[in-house]
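Structure, as structure tokens:
The values are calculated or read from the model by the stated rules, or taken from the named source; none is laboratory data. All figures in this text were calculated on a predicted structure; none of them were measured in a lab. A quick note on method: Cβ atoms are made from the backbone with ideal geometry, for glycine too, and the neighbour counts reach across all protein chains shown. Just the protein is used for accessible areas: all its heavy atoms, side chains included, with ligands, DNA and RNA removed. Shrake-Rupley method; radii C 1.70, N 1.55, O 1.52, S 1.80 Å.
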Amino acid sequence: MTFSVHGLAVSRGIAIGRAVIVASSRVDVAHYFVQADEVQGEIERLRHARNAVAEEILKVQHSLSELESTDAHPELTALLDVHLMLLQDEQLTGGVKHWIVDRHYNAEWALTTQLEVIARQFDEMEDLYLRERKADLEQVVERMLRVMRGVASPVAGGARPVHDNSTEVPLVLIAHDLSPADMLQFKQSVFAGFVTDVGGKTSHTAIVARSMDIPAVVGARSASHLVKQDDWVIIDGDAGVVLVDPSPILLAEYGFKQRQGEVERERLSRLRNTPAVTLDGQKIELLANIEQPEDAVAALKAGAVGVGLFRSEFLFMGRNGKLPDEEEQYQAYRRAVDGMQGLPVTIRTVDVGADKPLDRGASRAGDDHLNPALGLRAIRWSLSEPSMFLAQLRAILRAAAHGPVNLLIPMLAHASEIRQTLSLINRARDQLTNAGVPQGSVKLGAMIEVPAAALTIPLFLRHFDFLSVGTNDLIQYTLAIDRADEAVSHLYDPVHPAVLHLLASTIAQCREQGKGVSVCGEMAGDVTLTRLLLGLGLRSFSMHPSQILAVKQQILRCDTGRLQTWAQSVLAAEDPAALMVD
Ligand code: PEP
Ligand code: MG
């Protein structure tokens with residue numbers, strides 16, 4: 001029977017496919033399709049892993065039997081027996097085979113999928129003893145995955161497109177939670193849409209979903225429990241609704257909407273080479289936000305005139321604590337610079353912490369603290385790790401020798417932070433000069449993300465060449481709303497008068513001083529806010545490539561002279577949202 005789950009619409013479009021339920025802890029196994037002639041090889045890898053684990057268990061049992069007996073032995077031996085039994089269990093082995101043979105999943109993916117299926121059955125058991133066997137099953141599967149990690153699939157090495165599976169069935173991923181790094185792993189991957197139980201509209205998971213330009217709903221609370229493995233699901237990324245087990249009529253209706261969306265995109269794509277100029281002749285700069293150097297391709301394709309925000313932290317995440325060294329970073333930044341073919345690239349120094357942990361469960365950048373969003377994140381973390389920060393600064397300065405680069409610093413709030421940052425930039429420059437390593441000049445920018453910064457703009461303008469307003473964080477910190485928490489997402493309000501005042505005064509002060517100012521938070525890519533931002537005097541917008549053409553379409557219809565007066569009335573309103581309707 002059809003039912004719906006409601007969440008937050010974070011990435012537009014309609015996806016229709018079968019559900020793949022993934023537990024957060026299992027996201028980091030490889031997910032890809034194998035070809036028909038590779039199926040047998042995957043089954044072999046599985047068999048090998050199973051035999052290796054069985055051998056391990058038998059060895060432990062054997063060594064236990066050789067030890068002098070203690071009271072613990074009988075229990076341990078029994079437990080190992082259970083593990084052996086689970087290993088041979090037909091539901092596990094047969095189920096995994098089904099995912100490999102019928103769906104062409106790689107072995108690890110098949111194994112974790114079947115684990116989810118069985119784990120749910122355990123959860124539903126009345127008998128506590130049996131219910132607790134789930135942990136044993138998880139341990140057994142974990143051991144098999146460890147063996148398989150040592151014997152990588154001969155066909156691994158990259159995700160294959162959504163429709164490359166033998167059954168031609170699109171798949172949508174449903175998880176309780178996905179970290180931004182997990183999301184990145186699924187970029188260009190096998191999934192046609194995403195749903196998570198947790199997350200806010202501007203959580204980094206949502207941001208990465210948007211950058212992938214595929215439908216996504218976050219904050220869907222219990223979706224990962226209500227939806228079953230392999231259920232048919234419709235994700236309506238515009239309305240934030242997930243329809244499970246849809247009727248044929250619903251399928252037809254959403255299939256139609258999906259095709260309409262494709263036609264609309266096709267139409268928008270014709271604007272790619274049209275200059276972003278308003279009706280009254282104001283030139284607007286449309287820049288791209290990217291997470292990886294390879295995103296430069298999408299940025300150019302969308303007609304971006306540069307990168308306004310390269311979130312460099314994605315190079316640092318999901319690496320089991322091993323951070324990229326200067327050379328690796330230099331190569332990555334250089335790829336972005338080369339990829340943009342002479343257009344400027346704004347590289348933001350690392351911004352980890354809060355909802356962007358370095359590693360799942362890691363505790364390096366303050367993310368295990370009580371209030372990670374208020375903790376050691378972004379520039380605070382960089383200043384606490386000067387040698388890491390210097391390596392990044394050197395890498396960016398070196399990349400600047402190959403094309404125009406702007407250096408952007410996140411989350412500054414204090415004059416002392418500004419002084420320390422500038423002094424480290426100078427030190428990085430000197431280090432390169434002394435070592436005879438080529439470097440380029442960079443424009444220096446500061447992100448305005450904290451109310452304290454927005455209220456002391458003259459300080460920033462004295463030290464920086466340009467400012468970039470990070471509205472995602474500015475809203476979070478102004479309204480005291482955790483941007484990643486769906487429970488307070490209804491209070492996350494980009495047009496709250498306090499936010500608009502900080503934004504308007506930042507833009508006005510930059511313009512008065514003739515300094516560049518852009519918005520690189522999600523507000524910049526929200527077409528419902530384009531007119532307001534233009535009216536407030538903004539002329540530079542940075543957003544995900546997938547949003548650029550829709551925003552451009554809005555810009556082409558606007559007259560900034562008229563919008564200016566209207567924007568002032570919105571600023572003065574008690575309830576600005578009421579004036580936002582056309
Ligand atoms: C912002 O805060 O608006 C921003 C662009 O930075 P991030 O979303 O990466 O925190
Ligand atoms: Mg930010």
Subject >> Members of the stretch 496-527 found to be away from ligand 2 (no atom under 16 Å from the Cβ), under 21 Å from Q547 (Cβ atoms) and either open to solvent by less than 10 Å² (accessible area, probe 1.4 Å) or assigned to a helix (DSSP H, G or I) (or both), listed by number >> reply: L500, I507, V527
**OP:** Answer yes or no: is there a residue in the stretch 347-361 that is farther than 30 Å from I481 by Cβ and modelled with pLDDT of 95 or more.
**Re:** no
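For (1) away from ligand 2 (no atom under 16 Å from the Cβ); (2) on the phi > 0 side of the Ramachandran plot; (3) assigned to a helix (DSSP H, G or I); (4) among the β-branched types (V, I, T), each residue gets a yes or a no:
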{"position": "F389", "(1), (2), (3), (4)": "yes, no, yes, no"}
{"position": "Q392", "(1), (2), (3), (4)": "yes, no, yes, no"}
{"position": "I396", "(1), (2), (3), (4)": "yes, no, yes, yes"}
{"position": "A399", "(1), (2), (3), (4)": "yes, no, yes, no"}
{"position": "M411", "(1), (2), (3), (4)": "no, yes, no, no"}
{"position": "I418", "(1), (2), (3), (4)": "yes, no, yes, yes"}
Original post:
L279 versus (1) in contact (Cβ under 8 Å) with a residue 60 or more places away in the chain; (2) under 15 Å from I14 (Cβ atoms); (3) among the aliphatic types (A, V, I, L, M): which is the lone unmet condition?
Top reply: (2)
Original post:
Just one of V162, V169 is modelled with pLDDT under 90, touching a strand residue (DSSP E or B) at 6+ places or on another chain (Cβ under 6 Å) and either of a type in the set (S, T, Y) or surrounded by fewer than 18 Cβ atoms within 10 Å (Cβ to Cβ) (or both); which is it?
Top reply: V169
Subject >> Search result, residues across the stretch 337-363 that are buried (at least 24 other Cβ atoms within 10 Å of the Cβ) and farther than 23 Å from L383 by Cβ >> reply: V337, M340, V345
**OP:** Give the residues of the stretch 207-253 that are assigned to a loop (DSSP other than H, G, I, E, B) and among the charged types (D, E, K, R), sorted by residue number.
**Re:** D213, R221, K228, D230, D231, D238, D245
Original post:
Which one of these is more than 19 Å from H204 (Cβ to Cβ), among the β-branched types (V, I, T) and in contact with a helix residue (DSSP H, G or I) (Cβ under 6 Å, 6 or more places away or on another chain): V345, V352, V305, V297?
Top reply: V345
Subject >> Whichever residue in the stretch 291-324 is among the small types (G, A, S) and under 15 Å from the mean Cα position of the chain (by Cα) and, among such residues, is most open to solvent (accessible area, probe 1.4 Å) >> reply: G318
Original post:
If you take the residues of the stretch 30-78 that are acidic (D, E), modelled with pLDDT under 90 and assigned to a helix (DSSP H, G or I), which of them is surrounded by the fewest Cβ atoms within 10 Å (Cβ to Cβ)?
Top reply: E66
Original post:
When residues of the stretch 455-479 are filtered for being in contact with a strand residue (DSSP E or B) (Cβ under 9 Å, 6 or more places away or on another chain) and away from ligand 2 (no atom under 13 Å from the Cβ), how many remain?
Top reply: 8
Original post:
So which of R364, R377 ends up being modelled with pLDDT under 95, under 20 Å from D325 (Cα atoms) and within 16 Å of ligand 2 (Cβ to nearest atom)?
Top reply: R377
Subject >> Search result, residues across the stretch 388-417 that are within 26 Å of G436 (Cα to Cα), without any contact (Cβ under 8 Å) to a residue 60 or more places away in the chain and surrounded by fewer than 24 Cβ atoms within 10 Å (Cβ to Cβ) >> reply: F389, L390, A401
Original post:
Just wondering, is there one or more residues in the stretch 241-250 that are open to solvent by less than 10 Å² (accessible area, probe 1.4 Å), out of contact with any Cys (no Cβ under 6 Å at 6 or more places or on another chain) and not assigned by TED's automatic domain parsing to the domain that holds A296?
Top reply: yes
**OP:** Please report, ordered by residue number, the helices (runs of 4 or more DSSP H) entirely within the stretch 427-484 with at least 2 residues that are open to solvent by 10 Å² or more (accessible area, probe 1.4 Å) and within 12 Å of ligand 1 (Cβ to nearest atom).
**Re:** 471-479
